[in-house]
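One structure is given here, and the rest of the page talks about it.
The values are calculated or read from the model by the stated rules, or taken from the named source; none is laboratory data. Just so it is clear, the model here is predicted, and its values are computed rather than measured. Heads up, the Cβs are rebuilt from the backbone with ideal geometry, glycines too, and the neighbour counts pull from every protein chain shown. Each accessible area value is taken on the protein alone, full model and side chains, heavy atoms only, with ligands, DNA and RNA left out. Shrake-Rupley method; radii C 1.70, N 1.55, O 1.52, S 1.80 Å.
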Amino acid sequence: MATKKIGDVILDVKNISLAFGGVKALSDISFNVREHEVRAIIGPNGAGKSSMLNCINGVYTPQHGSISFKGQTFSHMDSHQVATMGIARTFQNLALFKGMSVIDNIMSGRNLRIKSNILMQALRIGPAEREEVRHREFVEHIIDFLEIQAYRKTPVGQLPYGLQKRVDLGRALAMEPQVLLLDEPMAGMNLEEKQDMCRFVLDINDEYGTTIVLIEHDMGVVMDISDRVVVLDYGKKIGDGSPDDVRN
């Protein structure tokens, strides 16, 4: 197997501190993410892992620190701007449209890329129709890639949990992100579902060239698929390095 080429720093988190009232969620956290790597964030419940992702994708505004993405530095990120710049996110608690089909859920991830206005889309006028065809082709590729062709027209709410997680991943991929933030993508899965999800994460990293930042509780998974691991505990960084370094 060829060794993958890890690039320069694409995401740089510097001295991030976040508090809610008197409760400190994050204290002076710094770490970076390199292009094309799988970067894991680990730690016990309440360590601040999801809060960290929420700072990166603009859900929370930290009181201190900055985040640089592709050389541009921000004191806080704005959710829409983050998505436009090329950072996508999956959530621990699925935020899918349960009554909509698999294909329509994944299509919703293309919204940022659709140029024609709502009226043109509704009337399916020339350019809008051609554009929709292109976007649907892109989404069909994702459906093939994630091996969910058999469920294309199925309402997402009728799918088992493991497949719903795959649809959530597909919707994030539809945004064509350069960095993909995965918040516990394997939580609640059985062994077979976890193995499938690991394979998809590695394939996304490899075939799409997407940089991945991953929160995961399963240490076996983290040690198997990560290039580097940052460890948080009670909102502080207590470790950072290769899986072997962190294990030791």
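Express the accessible area of the chain per residue in Å², computed with a 1.4 Å probe while the remaining protein chains stay in the model.
Values: 12100 Å² over 248 residues.
In whole numbers, the chain has 49 Å² accessible per residue.
Among beta bridges from DSSP that stay inside the chain, the antiparallel ones total about 55%. Taking the average, over residues, of other Cβ atoms within 10 Å as the packing measure, peptides 228-234, 63-69, 166-172 rank 166-172, 228-234, 63-69 from highest down.
Estimated purely from DSSP H runs of n ≥ 4, each contributing -39500 (n - 2.57), the mean residue ellipticity at 222 nm for the chain is -10000 deg cm²/dmol once divided by its residues. Sorting 176-182, 53-59, 148-154 by their mean Cβ neighbour count within 10 Å, with the most densely packed peptide first, gives 176-182, 53-59, 148-154.
Rolling a 1.4 angstrom probe over the stretch 1-52 with all protein chains present gives an accessible area of which 52% lies on carbon and sulfur atoms. I need the shape label for the stretch 31-70. Rule: rounded when a/c is under 1.5, else prolate if a/b > b/c, else oblate, with a, b, c from the alpha carbon gyration tensor. In terms of gyration-tensor shape, oblate.
Under a GNM of the chain (C-alpha, springs under 10 Å), which listed residue has the highest mean-square fluctuation: Gly162, Gly220, Gly109? The residue with the greatest mean-square fluctuation here is Gly220. Charged side chains reduced to their Cβ positions (Lys and Arg at +1, Asp and Glu at -1) give the chain a dipole of some 660 debye around its Cα centre. Listed by chain and number, the lysines whose C-alpha is less than 23 Å from the C-alpha of Lys49, apart from same-chain residues fewer than 8 away, are Lys14, Lys24, Lys70, Lys165, Lys194, Lys236, Lys237.
Among Arg89, Arg134, Arg199, the largest mean-square fluctuation in a Gaussian network model of the chain (Cα springs under 10 Å) belongs to Arg134. Span-like helix check, the chain: qualifying full DSSP H segments, with Cα axial length of 15 Å or more and mean Kyte-Doolittle of -1.0 or more, are 126-145, 161-173, 191-203. Expressed as a whole percentage, what fraction of the accessible surface of the stretch 173-248 belongs to carbon and sulfur atoms when a 1.4 Å probe is rolled over the protein heavy atoms? Carbon-and-sulfur percentage of accessible area, whole number: 45. Considering only Ser50, Ala19, Phe91, the residue lying farthest towards the positive end of the dipole of the chain is Ala19, judged by Cα position with unit charges set on Cβ. Dipole of the chain computed with +1 at Lys/Arg Cβ and -1 at Asp/Glu Cβ about the Cα centre; of Val213, Tyr60, Phe200, farthest Cα towards the positive end is Tyr60.
Legend: P(r) of the chain from all alpha carbon pair distances, 5 Å bins from 0, whole percents, reading 1, 6, 13, 17, 19, 16, 12, 8, 5, 2, 1, 0, 0.
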